[in-house]
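Since the structure comes first, as structure tokens, the remarks are kept for the end.
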Amino acid sequence: MNTKMRWKIAIDILMSVMLLLLMAYQVVGDYLHEIFGTAMLVLFMVHHILNFRWYKSLLKGKYMPQRIISTVLNAALLAAMLSLAYSGVVLSRHVFDFLPITSGMALARVMHLSASYWGFVLMSLHIGLHWGMVVGMFHKLAGGKRRPVLVWIARLLAVAIAVYGAVCFRHADIFSYMFVKAEFVFFDYEKSAALVFAEHIAMMGTWIFAGYYVSKGIGKLTARSRKKEKSRIA
């Protein structure tokens, strides 16, 4: 593994941690929320700089289903992050308080609310699309040997996390925030920090699970269609 790849992995891990901290607003508070938001923006910019080759390749090669989904997802995630950056600066009462911004608060608040949850879902799906790399890394750490018992334990644990996350997602009524059906978020300040983070990790796991298995399914369908094409040619 080269130095650039190590940096990419480190940045991705930090972004995942920042995402969880940002979603746990009732735990970290307003000031730290702004600090973490600014850090996330910087990390997001570094992430794009390190992956700039992806932009160069946009007009090259064929667009198979998996690539189309990945490209659309990345574009949507970029739009969500830009919306968060703009609305975050407008709403800032600490980090960017020195800026002479006196209008646009109402729009920025609604934009920030919706984009926050869209960003959470899209980033989790993005991780899911690349989760195969994580699985591969664990496979290497295990010595490259396939242990059926451990594989099934991992699968059952993943399903349990995904189901629990889906229940938490529905109970929190997050779709209403994503589609601006509700303009204010209800934070339960009586929940312990551990439970807040556990719920958000589970919700992230739900969308990682979805992204991973959608990617895996599309990959298998694409492989089958290629085999059929080759057999017809032969």
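Loop-located trypsin sites (Lys or Arg not before Pro) in segment 142-213 (DSSP state other than H, G, I, E, B) with a sparse environment of at most 13 neighbouring Cβ atoms within 10 Å: Lys145, Arg146, Lys181. Considering only Leu91, Leu77, Leu150, give the residue with the highest GNM mean-square fluctuation for the chain, with springs between Cα atoms whenever their separation is below 10 Å. Fluctuation is largest for Leu150. Contact order for the chain, expressed relative to its length and based on alpha carbon pairs under 8 Å spaced 6+ residues apart, stands at 25 percent.
Projected label points at Glu183 and Ala39, each 7 Å from Cα along the beta carbon direction, are separated by 3.3 nanometres. For segment 1-104, the relative contact order comes to 29 percent (Cα pairs under 8 Å, sequence separation of at least 6). Between Asp188, Asp173, Asp12, the GNM of the chain built on Cα springs shorter than 10 angstrom shows Asp188 fluctuating the most. From most to least packed by mean Cβ count within 10 Å, the peptides 211-218, 62-69, 110-117 give 110-117, 211-218, 62-69.
Each Lys and Arg Cβ is given +1 and each Asp and Glu Cβ -1; about its Cα centre, segment 78-234 then shows a dipole of about 1520 debye. Residues considered: His200, His126, His47. Largest GNM mean-square fluctuation over the chain, using C-alpha springs under 10 Å, is found at His47. Here the relative contact order of segment 61-184, from alpha carbon pairs under 8 Å that lie six or more residues apart, stands at 30 percent. Once the 1.4 Å probe is applied to the protein heavy atoms, the chain comes out at 65 Å² accessible per residue. Are there any helices in the chain, counted as whole DSSP H runs, that stretch 27 Å or more along their axis by Cα and score at least -0.5 on average by Kyte-Doolittle, and if so which? Qualifying helices: 3-23, 25-50, 65-91, 105-129, 148-171, 193-233.
Surface composition of the chain: carbon plus sulfur atoms contribute 70% of the solvent-accessible area (1.4 Å probe, protein chains only, all chains present).
The values are calculated or read from the model by the stated rules, or taken from the named source; none is laboratory data. Not measured: the values here are computed from a predicted model. A quick note on method: Cβ atoms are made from the backbone with ideal geometry, for glycine too, and the neighbour counts reach across all protein chains shown. Please note that ligands, DNA and RNA were not included when accessible areas were found on the heavy atoms of the full protein model with its side chains. Shrake-Rupley method; radii C 1.70, N 1.55, O 1.52, S 1.80 Å.
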